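Notes follow the structure.
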Amino acid sequence: MSPQISPSILSADFARLAEEAEAVRGADWLHVDVMDNHFVPNLTLGLPVVESLRKSTDIPIDCHLMIEDPDRWAPQYAEAGAGSVTFHVEAAAAPVRLAREIRSLGARASMALKPATPVEPYEDLLPELDMLLIMTVEPGFGGQSFLDIMLPKIRRTRQLIDRHGLQLWLQLDGGISAETIERCADAGADVFVAGSAVYGADDPAEAVRRLRELAAT
Ligand code: DX5
Ligand code: ZN
């Protein structure tokens, strides 16, 4: 699959979200980070904002839930119109049931792993998912440095996906920039979240194009 870029609005101006979505026209997804101050030590936004964003942009919403009890809340984000809903496996009580429920509501089901969570115990779950997110920083904040020590895990995950002949996408989130994206693509990732590297640029839409180009080479 050709690489996809999902700009994270965590680094955008929260008072101007509709315009900030417009500023990344041409991006494949709009990455929306939902944080609850419990699963991560930060608080962002919730369902009403996702619902409003859905109405004010054509870019499909890639919702990353960094919250406790996703079994209860994640389906509501699918109902709110998110095209993709990612829950953290560390917080989910019944990840298979949850992935099936998200899919049944018409969204892509995605599961995230924090940096210290290995992929191998979840090998049998992969066919239930449309995307796997490997965090390349500790979740909670934008602007952190990419964790190079995640590269072997990314490579192993790509091998697992290919060995099982699965179609699921491999997403990375955290510290993705023009400096890091090539080695990430090389390791086998195909969907890239970028917050500060996109919204910190003078021309965010151009930053998206540049990242996509670098990932494709
Ligand atoms: C962090 C969030 C990321 C964040 C990435 O927990 O999940 O989506 O916005 O920001 P950058 O790209 O600046 O590392
Ligand atoms: Zn995120």
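Among L166, L170, L147, which is touching a strand residue (DSSP E or B) at 6+ places or on another chain (Cβ under 9 Å) and closer than 30 Å to G106 by Cβ? The unique qualifying residue is L170. From the list T157, T180, the one residue that fits, being away from ligand 1 (no atom under 16 Å from the Cβ), among the hydroxyl-bearing types (S, T, Y) and out of contact with any helix residue (DSSP H, G or I) (no Cβ under 6 Å at 6 or more places or on another chain), is T157.
Residues are listed down the side, and each one gets a yes or a no for (1) crowded, with 16+ Cβ neighbours inside 10 Å; (2) farther than 15 Å from W29 by Cβ:
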position	(1), (2)
T180	yes, yes
R183	no, yes
V191	yes, no
G195	yes, no
G200	no, yes
D203	no, yes
E206	no, yes
L214	yes, yes
T217	no, yes
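Could you check segment 182-193 and list, in sequence order, the residues that are aliphatic (A, V, I, L, M) and in contact with a strand residue (DSSP E or B) (Cβ under 6 Å, 6 or more places away or on another chain)?
Applying the first criterion (aliphatic (A, V, I, L, M)) to segment 182-193 yields 185, 187, 189, 191, 193.
Within segment 182-193, A189, V191, V193 qualify.
Of all the listed residues (V89, V50), the sole one being in contact (Cβ under 8 Å) with a residue 24 or more places away in the chain, in contact with a Leu (Cβ under 7 Å, 6 or more places away or on another chain) and on the phi < 0 side of the Ramachandran plot is V89. Quick check on segment 1-41: of everything there that is among the hydrophobic types (A, V, I, L, M, F, W, C) and in a strand (DSSP E or B), which residue is surrounded by the fewest Cβ atoms within 10 Å (Cβ to Cβ)? By that ranking, first place goes to M35.
Within segment 173-190, residues that are farther than 20 Å from K114 by Cβ reach partners that are outside any helix (DSSP H, G or I) and modelled with pLDDT under 95 with beta carbons closer than 9 Å, at six or more positions or on different chains, in the pairs E182/T217; A185/T217; D190/M1; D190/S2. Selection within segment 65-84: residues that are touching a Leu at 6+ places or on another chain (Cβ under 7 Å) and buried (at least 24 other Cβ atoms within 10 Å of the Cβ). The member of this set that is farthest from S8 (Cα to Cα) is P70. Just one residue in the set R212, R163 is touching a residue at least 12 places away in the same chain (Cβ under 8 Å), away from ligand 2 (no atom under 16 Å from the Cβ) and basic (K, R); that residue is R212.
For segment 203-215, check the following and say yes or no: at least one residue is at pLDDT 95 or above, under 28 Å from S104 (Cα atoms), within 11 Å of ligand 1 (Cβ to nearest atom) and in contact with a Pro (Cβ under 9 Å, 6 or more places away or on another chain). Talk me through it step by step, then tell me what you get.
Here is the first cut: in segment 203-215, the ones at pLDDT 95 or above are 203-215.
Now restrict to residues that are under 28 Å from S104 (Cα atoms): none.
No: zero hits.
For beta carbons closer than 7 Å, sequence separation of 6+ or different chains, a first residue in segment 126-147 that is within 15 Å of D162 (Cα to Cα) and in contact (Cβ under 8 Å) with a residue 60 or more places away in the chain and a second that is more than 14 Å from ligand 2 (Cβ to nearest atom) and not in a loop (DSSP other than H, G, I, E, B), the qualifying pairs are M131/R108; M131/W169.
Only a single criterion out of (1) among the small types (G, A, S); (2) exposed (fewer than 14 other Cβ atoms within 10 Å of the Cβ); (3) more than 16 Å from ligand 2 (Cβ to nearest atom) is not satisfied by G143, namely (3).
The values are calculated or read from the model by the stated rules, or taken from the named source; none is laboratory data. Small disclaimer: the values here were computed from a predicted structure and weren't measured. Note that each Cβ is placed from the backbone with ideal geometry, even for glycine, and that neighbours are counted across all protein chains shown.
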